[in-house]
């Protein structure tokens with residue numbers, strides 16, 4: 001870990017940070033999460049008072065989310081789109097967090113949890129999801145965060161009426177169908193150069209994908225006056241129109 005001046009910490013430079021003082025001010029979980037978040041685990045990064053305070057504020061938001069009473073959401077009708085989007089993001093986050101933790105990519109795992117936290121705050125404010133979905137999200141959020149913020153998550157786990165201990169629970173699972181996007185971005189190339197990007201249904205068939213690509217005005221302007229030798233389709237990714 002470097003000092004805030006991006007130099008190696010040393011007493012002679014006066015850039016040494018006493019972790020005990022920071023722990024006493026912000027808590028051990030904030031320090032742990034900040035050190036994991038500042039960069040790849042095997043590379044580290046510079047210390048930042050602003051950065052660790054930001055991490056502490058995020059953990060405070062997680063706390064606020066975990067202690068909210070889901071009954072608040074029972075008074076408003078759930079929006080089907082919001083519920084589906086929230087469920088999709090949750091399952092995508094579980095999948096990504098599992099893969100990142102397995103590869104010691106703590107910084108990107110925490111980044112995905114921050115994204116989920118922001119989304120949960122929004123749907124709570126809008127009251128657009130049902131209580132059951134909220135409870136599932138908060139429970140899995142704590143389980144994913146537990147390896148990085150063990151003290152806070154243990155307390156919140158108990159406060160939410162779950163059995164001791166959160167660290168004896170299985171990591172949450174995800175459903176690939178629920179994690180799948182409804183819409184994907186299909187890149188359209190002409191002779192290997194990107195000419196357009198189309199938003200299409202995730203399960204689009206090859207024939208339809210090629211037809212949409214060739215019908216694109218941006219593609220037509222490059223194809224006009226030429227002969228299409230072949231059209232190559234890479235499922236879920238791109239269509240390449242090859243001209244002769």
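All of the numbers you see were taken from the coordinates with simple rules; none came from a lab. Since this is a predicted model, take the numbers as computed values, not measurements. Cβ coordinates were reconstructed from backbone atoms using ideal geometry, including for glycine residues, and neighbour counts include every protein chain displayed.
So the values come out like this:
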quantity: Over the chain: helical MRE at 222 nm, DSSP H runs n ≥ 4 each giving -39500 (n - 2.57), nearest 500; calculated: -16000 deg cm²/dmol
quantity: Per principal axis, descending, Cα span of region 61-132 in whole Å; calculated: 42, 24, 16
quantity: Region 12-38 and region 59-117: distance between their alpha carbon centers, rounded to Å; calculated: 26
quantity: Mean separation of Cα contacts under 8 Å, 6 or more apart, over the residue count of the chain: relative contact order %; calculated: 16
quantity: For region 112-229, the Rg and Dmax computed from alpha carbons only, in angstrom; calculated: 22.8, 71
quantity: Distance histogram in 10 Å bins (all Cα pairs of region 166-229, percent per bin); calculated: 18, 38, 18, 12, 9, 5, 1
quantity: The chain: angle of helix 28-37 to the longest principal axis, Cα-based, in degrees nearest 10; calculated: 30
quantity: Ranked list, fewest to most other Cβ atoms within 10 Å of each Cβ, for 114, 148; calculated: 114, 148
quantity: Region 178-238 - percent relative contact order, Cα under 8 Å, separation 6 or more; calculated: 38
quantity: Between helix 131-145 and the chain: long-axis angle, C-alpha atoms, 0 to 90°, nearest 10; calculated: 70
quantity: Ascending count of other beta-carbon atoms within 10 Å, so fewest first, for 96, 122; calculated: 122, 96
quantity: Order of 199, 154 under a 10 Å beta carbon neighbour criterion, fewest first; calculated: 199, 154
quantity: Angle between the chain longest axis and helix 206-215 axis [Cα atoms, degrees, rounded to 10]; calculated: 70
quantity: q = 0.07, 0.11, 0.14 Å⁻¹, the chain: log10 I(q)/I(0) [Debye, one scatterer per Cα]; calculated: -0.37, -0.76, -0.96
quantity: Estimated D of region 40-171 in µm² per second, where Rh is the Kirkwood radius over Cα pairs and Stokes-Einstein applies at 4 °C, 1.567 mPa s; calculated: 84
